[in-house]
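Below is one structure; the comments refer to it alone.
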Amino acid sequence: MFQQRSFVIAADDGSTVLPDGMPKAVKVPAAAATPNIGFVFTGQGAQWPQMGLSLMEEYPGCLATIRRLDSYLDHLDEGFGRSWSIEGVLKENAEHSQVHQAELSQPLVTALQIMIVNLLSQWGITSRAVVGHSSGEIAAGYAAGLLTEQEAIIVAYLRGKAVASNRSQGLMMAVGGSLSEIQPLVDEYDGAIVIACHNSPESYTLSGDADAINTLKTRLDEKKIFCRVLQTNNNAYHSDHMKPLGPAYERDLDQFMQRKSAAKVLKQASKTGTPQAVFFSSVYGHAAPWSVLSSKYWRQNLESPVLFYQGVSELVTQTPVDILLEIGPQ
């Protein structure tokens, strides 16, 4: 509902009934109540060198958040030892930055989002509902009070480790058009290409074998249909390329998060207290109970299509949200 509104009363034949022509707009006073806010978390791919650096320099709380997250990773088993730190990589200049490496970008983006959520919370800005795109669901779970800082950064870190072991050569490609136009084209490739992300009614991301994606791109260019190959370090996320990585990712999460059952999840999540926001899943495309955020769920998050459009649609129709605030590197 806009603050300035107008209307016209018309007859069945389309003629205007009002004798004085178009009425002037009526300005409606802004609501006095605090608006309800929904947080929308971007996934991997929006990272850039030195993202969040100015926040860490200006706000001591932001730097403290990053250093806490680094300390959580320092306490992981030696088998997951790392030669880098979140703080160190975020401070690297563009020439030497490692921010685009898949193993690092996942925990780095999540760390930045956690830092921003904490800063907004200090300012009294919290969310009524949350949704995340792909790995953005990790920080969404934290913002909703369903994951602790430690749990969130470990989920992101182990996701990056899992993807780093991928040996399949794949690509992802953004495509414009309706599902009725795109699905038949994808079906022609007999599983070599899948619709990985439902971003909006006219925007999708395809994922699959590199040769198949390149062939389809040539066809789409000829048809003058918008398409753009994405920089994902040859990883075809949310496709069959991720299936071999899923078991190890789930096993590692079970080991470090102690989440072997829904009962375990309940026990662990109770540390964060009452859920602070409704969690809308882009794995399921609708609101999900917090008890589902197990190691199995995060494996699904890596392997399954991203139903982002469906999740956002459910969020804005099922919760009284006035403002959507995007949280991510951009």
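The values are calculated or read from the model by the stated rules, or taken from the named source; none is laboratory data. What you see is a predicted model; the values in this text were computed from it and never measured. FYI the Cβ positions are ideal-geometry reconstructions off the backbone, even for glycines, and counts take in every protein chain you see.
Worth pointing out:
- Pair list, Cβ under 6 Å, 6 or more apart: the range 133-146 residue farther than 12 Å from Ile114 by Cα, other residue assigned to a helix (DSSP H, G or I): His133/Phe308; Ser135/Gln106; Leu146/Ala269; Leu146/Trp290
- Filter result for Gly170 (at pLDDT 95 or above and closer than 30 Å to Lys223 by Cβ): yes
- Qualifying residue in the range 283-295 (condition: at pLDDT 95 or above, surrounded by 15 or more Cβ atoms within 10 Å (Cβ to Cβ), closer than 21 Å to Val109 by Cβ and not hydrophobic (A, V, I, L, M, F, W, C)): no
- Matching residues in the range 176-235 - criterion: being of a type in the set (S, T, N, Q) and under 21 Å from the mean Cα position of the chain (by Cα): Asn199, Ser200, Ser203, Thr205, Ser207, Gln231, Thr232, Asn233, Asn234, Asn235
- Within the range 112-131, at least one residue is of a type in the set (Ser, Thr, Tyr), crowded, with 24+ Cβ neighbours inside 10 Å and farther than 23 Å from Asn234 by Cα.
- In the range 204-237, residue farthest from Trp298 (Cα to Cα) [restricted to those that are free of Cβ contacts under 8 Å to residues at least 60 places away in the same chain and hydroxyl-bearing (Ser, Thr, Tyr)]: Thr218
- Filter pass, Ser85 being assigned by TED's automatic domain parsing to the domain that holds Gly160 and surrounded by fewer than 18 Cβ atoms within 10 Å (Cβ to Cβ): yes
- Of all residues making up the range 288-330, the number that are part of a helix (DSSP H, G or I) and more than 23 Å from Asn166 (Cβ to Cβ): 13
- Flag for Leu185 being in contact with a Leu (Cβ under 9 Å, 6 or more places away or on another chain), modelled with pLDDT under 95 and not assigned by TED's automatic domain parsing to the domain that holds Ala111: yes
- Residue in the range 19-32 that is exposed (fewer than 10 other Cβ atoms within 10 Å of the Cβ) and at pLDDT 90 or above present: no
- Selection over the range 96-141 of residues that are part of a loop (DSSP other than H, G, I, E, B) and in contact with an Asp or Glu (Cβ under 8 Å, 6 or more places away or on another chain) gives a count of 2.
Table: residues versus (1) among the polar types (S, T, N, Q); (2) touching a strand residue (DSSP E or B) at 6+ places or on another chain (Cβ under 8 Å); (3) surrounded by fewer than 14 Cβ atoms within 10 Å (Cβ to Cβ).
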{"position": "His198", "(1), (2), (3)": "no, yes, no"}
{"position": "Pro201", "(1), (2), (3)": "no, no, yes"}
{"position": "Arg219", "(1), (2), (3)": "no, no, yes"}
{"position": "Ala236", "(1), (2), (3)": "no, yes, no"}
{"position": "Met242", "(1), (2), (3)": "no, no, no"}
